[in-house]
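In what follows, a single structure is set out as structure tokens and then discussed.
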Amino acid sequence: MKQSTLITKTRKDISAQEQSINAQLLERAGFISKLMAGVFTYLPLGYRVLTKIENIVRESMDELGAQEMLMPSLQPKEPWVKTGRWDTVDVLYKIKAGDKDLCLGPTHEEVITPLVTHYISSYKDLPKAIYQIQTKFRNEARPKSGLLRGREFRMKDLYSFHATQEDLDTYYDRVKDMYVRMFERCGLGDITYFTYAAGGTFSKYSHEFQTISKHGEDTIFVCKPCKIGINHEIIKELTACPECKSTNLEEQKSIEVGNIFKLSNKFSKPFSLAYRDNKDEEHDVLMGCYGLGTSRLVGAIVEALHDDKGMIWPDTVAPYQIHLLSLAKNDETQEKAHDLYKHLQKHGYEVLYDDRTVRPGQKFADADLIGLPVRLVISDKTIEQNMVEFKQRTEQEAALYTMQELESALAKTLRS
Ligand code: ATP
Ligand code: MG
């Protein structure tokens, strides 16, 4: 992508109103734009990040044998009355449409549970797993944390359906392991903790995935050696690490990036989602639900990976892998830069090519702010020596490479 044709520019004029680091950096760099509190446009650069994250999630869900579909955001009142949640979910957006009451989906148990009654009636129909990646609506009281807390935001929600507790338990553990891998692939593996939390309906706990972050809204207590967290909400009932029993727990601020629950028959009961076993006896279907905030993840990555100059994207989710800066003053250098841009693209790299006619200082500052994993610089001086300057966003030092050295450096640096 030629930066001269990108619809966005970097901005300097927003930091005053935006308190959260992720919103500040993402807005300044032209990844997102705030429409109103908690509601954002994903601009081309930001949308590429979101899409990459959602594709990692999609691949992972498919690997679990779950099937993707898309449910509506606009929902009728009746199923919410049936589960008793019409009046208890305080973040529910309620809409009056003529004489009809509707809501905007904050989650989808009220849609998916009655839906699958059409397809599940026998033990032979189980197990099943269905997911979607979709826009959710919640009227959050204080949406002041940029993408971490939107009123309109993106979530992956997976629902699983089982005949037996054992089958639910086994599947739940497989999903858990897949979550660990997803957060690793998104570059947050080291700082994301499997965390015991309140909210299990028929199991004692639910489990969250919490990413350690100074400005997180949650507080957890972590057992570092076991890589396990305990949400502060339950620290009075769960006072030691459930694995090693240690009480040497460290208090940390964190961001909830995922939450998984065993729902048992909490939703299958009100919607009469049942199956007949091989003796023709009827039982409630057992359910699990597994949420992951894909847009919150964009914000969490920025909160975790940045410095005073800007963002530092892991190559797996960066909008582009390489930022190629042309500082050419003469036509020959400009041509060489253009050739390199074409050459890298031909070899499968995603390149943002800064071909703009702006000061070098501005190009360097923008490259640091946007934070792509590799920065390449071509100038009259590097071309004189037949070299290209190579620098990783995570490193302080740049190096001069021949074309051949460049190719092996790129292959080594960019995994994806
Ligand atoms: P929180 O406690 O942060 O309000 P929650 O427990 O209500 O979140 P869940 O219902 O568990 O959220 O939703 C599943 C996932 O969706 C969360 O783990 C989080 O990653 C994401 N999520 C929830 N609310 C928001 C929001 N307002 N903005 C962005 N992502 C969200
Ligand atoms: Mg939660």
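The numbers here are math on the coordinates, done by the rules we state, and not lab data. None of the values given here were measured: they were computed from a predicted structure. Every residue, glycine as well, gets a Cβ built from its backbone with ideal geometry; the counts of neighbours run over all protein chains shown.
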Q) So what is log10(I(q)/I(0)) for the chain at q = 0.08, 0.09, 0.10 1/Å, when the Debye sum runs over its Cα atoms only? A) -0.52, -0.64, -0.77
Q) In debye to the nearest 20, how big a dipole does the chain give about its Cα centre with +1 on each Lys and Arg Cβ and -1 on each Asp and Glu Cβ? A) 860
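Using Cβ counts within 10 Å as a stand-in for footprinting exposure, how do H108, H283 rank, fewest first?
Numbers: H108 22, H283 14.
Placing the least packed residue first, the sequence is H283, H108.
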Q) What is the distance, in nm, between label points placed 7 Å from the Cα along the Cα-to-Cβ direction at T5 and at A141? A) 4.9
**Q.** Farthest positive-ward along region 42-113 dipole, Cα basis, beta-carbon charges - from T51, P79, A97
**A.** A97
Q.
Can you find, among A163, I130, P106, the residue sitting farthest towards the positive end of the charge dipole of the chain, where Lys and Arg contribute +1 and Asp and Glu -1 at Cβ?
A. P106
Q: For region 313-395, state which trypsin sites (Lys or Arg not before Pro) are in a DSSP loop and have at most 13 other beta carbons lying within 10 Å of their beta carbon.
A: K329
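Given that compact globular proteins tend to follow 2.2 N^0.38 Å, what is the ratio of the alpha-carbon Rg of region 51-195 to that value?
1.16
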(Q) Take K309 and D13, extend 7 Å from each Cα along the Cα→Cβ direction, and tell me the distance between the two endpoints in nm. (A) 2.7
Q.
Could you work out the relative contact order of the chain? I mean the mean sequence separation of Cα pairs under 8 Å and 6+ apart, divided by the number of residues, in percent.
A. 16
Q. What whole number of Å gives the distance from the Cα centroid of region 216-235 to the Cα centroid of region 140-159?
A. 21
Q. Gain in length, K204 to T413, computed as 0.36 nm per residue apart minus the alpha-carbon separation, to one decimal in nm?
A. 70.9 nm
Q. Extension gain K214-D169, at 0.36 nm per residue separation less the Cα-Cα distance, in nm?
A. 12.9 nm
Q.
If Rh is defined by the Kirkwood formula over all Cα pairs and Rg also comes from Cα, what ratio Rg/Rh do you get for region 1-77?
A. 1.10
Q | Ranking of S122, S206 by count of other Cβ atoms within 10 Å, fewest first | A | S122, S206
Q: Using the structure shown, select from K9/K136; K346/K381; K329/K381 the pairs with a Cα to Cα distance greater than 18 angstrom.
A: K9/K136; K346/K381
Q. Just G46, G98, G361 to compare: in a GNM of the chain, with alpha carbon springs under 10 Å, which one fluctuates most?
A. G98
Q) Ranked by Cβ crowding within 10 angstrom, fewest neighbours first, how are K266, K214, K12, K156 ordered? A) K12, K214, K266, K156
Q.
Just to be sure I understand the model, the point goes 7 Å from the Cα along the line to the Cβ. What's the resulting N386 to S272 distance in nm?
A. 8.1
Q: Treat every Asp and Glu Cβ in region 73-185 as -1 and every Lys and Arg Cβ as +1, leave all other atoms uncharged, and give the resulting dipole magnitude about the Cα centre to the nearest 20 debye.
A: 580
Q | Cross-link pairs beyond the 31 Å C-alpha cut-off, checked among K96/K204; K124/K156; K128/K236; K156/K253; K52/K96; K52/K342 | A | K96/K204; K128/K236; K52/K96
**Q.** Assigned charges on the beta-carbon of Lys, Arg, Asp, Glu; region 332-373 dipole about Cα centre (debye)
**A.** 20
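Based on the alpha carbons, how large is the Rg to Rh ratio for region 192-348 when Rh follows Kirkwood?
Expressed as Rg/Rh, it is 1.23.
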